[in-house]
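Data first, discussion second: the structure below is written as structure tokens.
The values are calculated or read from the model by the stated rules, or taken from the named source; none is laboratory data. Just so we're clear, the structure is a prediction, and the values are computed from it rather than from any experiment. Cβ placement follows ideal geometry from the backbone for every residue including glycine, while neighbour counts extend to all protein chains displayed. Remember, those area values only see protein heavy atoms, side chains included, never the ligands or the DNA or RNA. Shrake-Rupley method; radii C 1.70, N 1.55, O 1.52, S 1.80 Å.
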Amino acid sequence: MRAMRTMPPSQERAAVETGVRPRLRHVLSVADLGAQGISEVLRVTDSFVEVSERAIPRVPALRGKTVVTLFFEDSTRTRLSFETAAKRLSADTMTFSTSTSSVKKGESLRDTVETITAMGVDAVVVRHGSAGVPWQVARWTDAAVVNAGDGWHEHPTQALLDCYTIREARGGKGTPDVEKVFRGLRVAIVGDVAHSRVARSNVLAFAALGADVTLVAPPTLLPPSLVGWPVAVSHDLDSVLAHVDVVYLLRIQRERTSEALLPSLREYTARYGLTRDRARLLRPDAVGMHPGPMNRGVEIAAEVADLPSSVVTRQVANGVAVRMAVLFLLLSHPAELEPGAPLGR
């Protein structure tokens, strides 16, 4: 997993020398942020959680800015989450749909990006089925680029909202020392790791904050190589559950994989699904998570998904606030990024 700089080395040195906090340029990978960047996003998210709970959940922070969602893959949750986030910040939004676009007529990705950029957009939220596309888009536009999922590679804002949800569940809203919550936290990520961009981003984020991560999956659903991954690996879910603080269940992605990787979904559930009996192995304060949409009865039993220890709906709710924070950090004036600054001019 590659790490990208958010700015040239000369600007980084200047920021250190002057003490001026640099503006985030893009959010392409969790590796762009590191522990300090993740903590900053969570700090700003606290303010937008409060905004989301208001009777009128809107602030003028990004009035006059334009955010376009450029999705080459079907999505409901992520696209609507970003669009809701932009609208709550008072930004204008544009939605790009491949089914009605010139892509159907043979227009290249680069031409599409340059055409949209010429309309005067400030941020491009891109999802694509091929890994690395958001990095290419960032080369073709002056707008800020947010990776909303690229192939089997990464999904950084999902990892950020998962970090926020864990901090909220384990330490309470507004906990200042994020790394204290995560240091030594035991997390099991269970399921189809090989085809999961969520798993890759979460491993980077959780490990950066000091958590101990274990991947639990059959060998056929693990990447061919885990060299460089800061994780442990187990093929026995029952032996892991009693020792973890967070169990993160991944969706079996039927659109990305085939039955050849599994004898059957029934056998997968028998060995790796969080059934009612298996849920009893968890510690009383353990947290259950899932990126959605859930295959109830496959990776998680329906009654387990509705237990108080499950924070799946909080993940969805926090997703809007986290994406508000990301867009705000990318597009707002530097003076507005300081702690205690008002949300908007």
note = Taking the reciprocal of mean 1/r across every pair of different Cα atoms in the range 22-153, the Kirkwood radius in Å is 15.7
inquiry  = Need one value: the accessible area of residue 73 in square angstrom, 1.4 angstrom probe, rounded to the nearest 10.
reply    = 40
task = Could you check how much of the accessible area of the range 132-230 is carbon and sulfur, as a whole percent, using a 1.4 Å probe?
result = 52
message = Can you give me the long-range amide H partners of residue 186? Hydrogens built in the peptide plane at 1.01 Å from N, cutoff under 5 Å, separation of 5 or more residues or another chain.
response = 212, 245, 246
query = Which order do peptides 321-328, 278-285, 126-133 fall in by mean Cβ count within 10 Å, highest first?
reply = 321-328, 126-133, 278-285
message = Give me the 1.4 Å probe accessible area per residue for the chain, excluding ligands and nucleic acids, in Å².
response = 44
task = Please work out which option in (i) 36, 21, 18; (ii) 32, 28, 17; (iii) 33, 24, 19 gives semi-axes √(5λ) of the Cα gyration tensor in Å calculated from these coordinates, and answer with its label.
result = (iii)
request  = Find the Rg to Rh ratio for the range 71-215, where Rh is the Kirkwood radius over alpha-carbon pairs and Rg uses the same atoms.
outcome  = 1.02
query = How much mean residue ellipticity at 222 nm does the chain get from its helices, if each DSSP H run of length 4 or more adds -39500 (n - 2.57) and you divide by all residues, to the nearest 500 deg cm²/dmol?
reply = -11500 deg cm²/dmol
note = Burial-style ranking of 225-235, 308-318, 81-91, 58-68, average other-beta-carbon count within 10 Å with highest first, yields 81-91, 58-68, 308-318, 225-235
query = Using the C-alpha atoms of the range 183-260, what convex hull volume per residue, in cubic angstrom, is computed?
reply = 84
